[in-house]
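What follows is calculated from the coordinates using simple rules that are stated; it is not laboratory data. Quantities reported herein were computed from a predicted structural model and do not represent experimental measurements. Glycine gets a Cβ as well: all are built from the backbone with ideal geometry, and neighbour counts include every protein chain shown.
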Amino acid sequence: MARRGVAGTGASAGSSAGTGTRTGRGPRARSARRSSPAPLSVLRLIREDLQAVLARDPSCSGRGEALLHAGWQGLALYRLAHRHYLRGRRLRAAALTRLARLLTGMEVHAGARIGRRAFIDHGFGVVIGETAVVGDDVTLYHGVTLGSRGWLRDSEAGRRRHPVLGDRVLIGTGASVLGPVTVGDGTRISAHSLILHDLPPGQGSRDAGPTGNGTARPARHTRTRR
């Protein structure tokens, strides 16, 4: 599962600022610069998120209504907060995160890494932790938690505490993905599922969580709430 699609990390290959090594000259350095994609601008990421609202929300009648979409507003504020976070402006990032929570009811830590064309429907109750990584074209419904397993289990400094989602993952209402698990590309997680273990790419919603008649059907790699 390639993570190069996750935008906004501020990293670029071949950078060695502060090391004393001169990398700005020579054919190898020029080749490295050409092959390293520049981080996308915040404005472009926000516009792509707006297009995702228009493409995936059938109740949205146009761009004007999409601008009032709570999930998009929360993501836009997250994009701004994330850039401040990467530049060490932690207080500004925290203030924007707090504003997003007050306006939309969703809490996305500024340190989380969210890819392009994200769509969070309704937004209310969505929680995404600091070390979470979310791929491109991911859809989350309201009440989704990408969290840790708890302070006692995940308190070690520098340890990844939150999930990694691949590209094109869809997570239904009220589902929780907890701990440093990996959810593969194209996975669909049913509403109100509890995911505590890795899920392979392409696992369908029929394999995770409750069935259509409301009865829970435990599946491999998952545990359902009782």
Along the Cα→Cβ direction, 7 angstrom out, place labels at H192 and L67. What is the inter-label distance in nm? 3.9 nm
Burial ranking of peptide ranges 181-191, 80-90 (average Cβ count within 10 Å, highest at the top): 181-191, 80-90
What full-extension length gain, to one decimal in nm, is calculated for R56 and R92 as 0.36 nm per residue of separation minus the Cα-Cα distance? 9.8 nm
Provide the per-residue ³J(HN,Hα) series for the stretch 163-172, in order, calculated from phi with Karplus coefficients 6.51, -1.76, 1.60 and θ = phi - 60°, each as a whole number of Hz, with x at glycine and proline positions. x, 10, 9, x, 6, 6, 7, 10, 10, x
